[in-house]
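First the structure, in the form of C-alpha cells, and then the observations on it.
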Amino acid sequence: MFSALVIWDLAATIERLQQPTLGENPLIVLCGEHQVKVLATDSRAREAGARPGDSRKQAELLCPNATFLRARDDVYRRLFAAVTADLAQHIDKVEPHYHPDKAAWLVRSDHPQELAILRGRVECLLGGQVTIGTASGKFTAQAAATIGAAHCRVEPGEEAAFLAPLPAALLPLNADMQRRLPMMGIRSIGDFAALSRAAVFEQWERHGVWRHDLALGIDPRPLQACEPPALLTGSLSFDEPVADRQSLLAACLRLAPALLDQLEGREAGRLVLLLEDDNRARHELHLQPSAPLRHIAQFEKQLPLLLESLTAAAGINTLTLQLSELAPVQPQQLSLFEVAREGRSLRAALAAWQGRFHQTVYRLSLTDAPRHFPPALQYESEALGA
C-alpha cells in the first residue's frame with residue numbers, strides 16, 4: 001500500500017512561517033513579469049474564489065482585502081527539500097512531488113503510527129494542513145489525500161468506485177486533454193473512465209491510455225525514491241543584533257573557510273544565506289554564481305553581491321550560510337597546441353594589446369576564471385576611448 005502526505009498551500013504556508021507579521025488577511029502569491037498571474041493561495045483566498053492561473057486583476061476582484069506577495073521559488077524548493085531529507089531519516093524511501101500550491105510526499109507504508117510521525121514532522125517544520133491518503137496505487141493515494149479528510153484509506157478493489165465522482169482535473173492531463181475534455185462533457189474521472197479504451201487510444205494514443213488506466217484505479221508504478229541532496233551548513237549567532245552589511249559580510253567570511261574545507265574535491269553551484277531578525281522574521285538570499293564556488297577568493301566576490309539584496313529593517317540575530325548543488329570538480333581540458341604568447345603572462349598580454357591598440361585606453365577587470373587560466377580569460381577588457 002502507498003500513502004501520500006499532502007500539504008496544502010505550500011507557498012502561502014512558508015510565507016506565513018517566515019513573516020509572522022502578515023496578519024490574518026487572505027494571502028495570494030503571484031508569479032510572472034509581463035503577465036502577472038496567481039501561483040498559489042491560502043485557504044481564505046481559495047474560499048473567496050481565487051485560483052492558481054487567475055490574473056492579478058481577477059484575484060483582486062474576487063478577494064479585495066488580500067495580501068499579494070511575489071513568489072520566491074528558490075525559498076519554497078529549499079524548504080521542501082529540507083522536509084524531504086528529514087522524512088528520509090524516519091522512513092526508508094520517500095518520493096517527493098513539489099508544487100508551490102499543493103505538495104506531496106509518497107511513502108510505501110500504511111501503518112497509522114508511522115504515518116502520524118511523518119505528519120508530525122511535516123507540521124513541525126512547515127505548519128499548515130497535512131492530509132493523508134492510502135491506496136494500492138500512487139495516483140489513488142494522492143487523490144484520496146485531496147478530499148479533505150485527515151486520513152482517507154481506499155481498500156484494494158474499490159479504486160474505480162472511489163475515483164469516479166472526483167473531478168477529472170485530478171488526472172495528470174496534458175494541455176490538449178485539459179482543453180478538449182470539458183468540451184466533450186467529461187467533468188469527472190468516472191466520465192473519462194466510461195470511455196472505451198479504443199476511443200481513448202484513437203484520440204490521445206498511449207499517453208491517453210495510461211491516464212485512462214489511472215481513472216480505472218490501475219497504477220502499477222513503483223515508488224521512485226529520492227536521495228536528499230548533499231548540503232554544507234555553517235551557523236553563527238550574535239550577542240547583539242547586527243544591522244550593517246559590513247558586519248554581516250565579515251561574519252560570512254568567518255564561516256567560509258570551514259565550509260570550503262568540507263568540500264573535499266567538490267564545488268558548490270548555489271550559495272544560500274539564511275537570516276533571522278529581532279521580529280522573528282526570516283530572510284533568505286539565494287545566489288547561483290556564474291562559476292562554481294571552491295575558492296575563498298570567489299566568496300569574497302560573491303558575498304557582497306548576495307548581501308546587496310537584503311531588505312531587513314531590524315537587526316539580525318542568527319546567520320546561516322549554506323552551500324548546495326555540490327558536484328565533483330570538473331577537470332580542465334588541456335590544449336594540445338602551444339598557448340599564444342600573449343596568454344602566458346599578464347605583462348605580455350598588456351604589451352600585445354598596447355601594440356595593437358596604441359591609441360585606445362582600456363580598463364581591465366578580474367573575472368571568476370581560475371588563476372591557471374590564460375590572462376586573456378582572467379581579465380575582461382573595456383575600451384574607455386582614445
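The values are calculated or read from the model by the stated rules, or taken from the named source; none is laboratory data. Note that the coordinates shown come from a computational prediction; the quantities given were computed from them, not determined experimentally. Cβ atoms come from the backbone with ideal geometry, glycine included; neighbour counts cover every protein chain shown. The protein model used for the area step is the full one, side chains on, heavy atoms only, and it has no ligands, DNA or RNA in it. Shrake-Rupley method; radii C 1.70, N 1.55, O 1.52, S 1.80 Å.
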**Fill in**
Ranked output for segments 234-242, 53-61, 24-32 by mean other Cβ atoms within 10 Å, highest leading, reads 24-32, 53-61, 234-242
**Request:** Just subtract the alpha-carbon distance of residue 51 and residue 223 from 0.36 nm times their residue separation and send over the number in nm, one decimal.
**Result:** 58.9 nm
**Item:** Probe 1.4 Å, accessible area per residue of the range 11-65, Å²
**Value:** 54 Å²
**Asked** How much area per residue is accessible in the range 170-251 when the probe is 1.4 Å and only protein heavy atoms are counted (Å²)?
**Response** 61 Å²
**Prompt:** Once fully extended, how much extra length lies between residue 235 and residue 114, figured as 0.36 nm per residue of separation less the alpha-carbon to alpha-carbon distance?
**Reply:** 40.4 nm
**Prompt:** What are the extents of the Cα atoms of the range 1-125 along their three principal axes, listed from largest to smallest and rounded to whole Å?
**Reply:** 45, 28, 25
**Message:** Can you compute the modelled spin-label distance between residue 246 and residue 70, with each label point 7 Å from Cα toward Cβ, in nm?
**Reply:** 2.9 nm
**Prompt:** Tally Lys/Arg at +1 and Asp/Glu at -1 over every other residue whose Cβ is under 13 Å from the Cβ of residue 324; what's the total?
**Reply:** 0
**Message:** Using the basic label-point model (7 angstrom from Cα toward the beta carbon), what is the residue 21 to residue 77 distance in nanometres?
**Reply:** 2.9 nm
**Item:** Cα-projected label distance for residue 123 with residue 37, points at 7 Å along beta-carbon direction, nm
**Value:** 3.4 nm
**Prompt:** Based on the Cβ-Cβ distance from residue 183 to residue 327, what FRET efficiency comes out when R0 is 41 Å, to the nearest 0.05?
**Reply:** 0.30
**Message:** At a 10 angstrom cut-off on C-beta neighbours, averaged per residue, how do the peptides 82-91, 261-270 rank from highest to lowest?
**Reply:** 82-91, 261-270
**Message:** Taking 0.36 nm per residue of sequence separation and subtracting the Cα-Cα distance, how much length would be gained by fully extending the chain between residue 266 and residue 253, in nm to one decimal?
**Reply:** 2.8 nm
**Asked** Round to a whole number: what % of the accessible area of the range 251-321 belongs to carbon and sulfur, probe 1.4 Å?
**Response** 48 percent
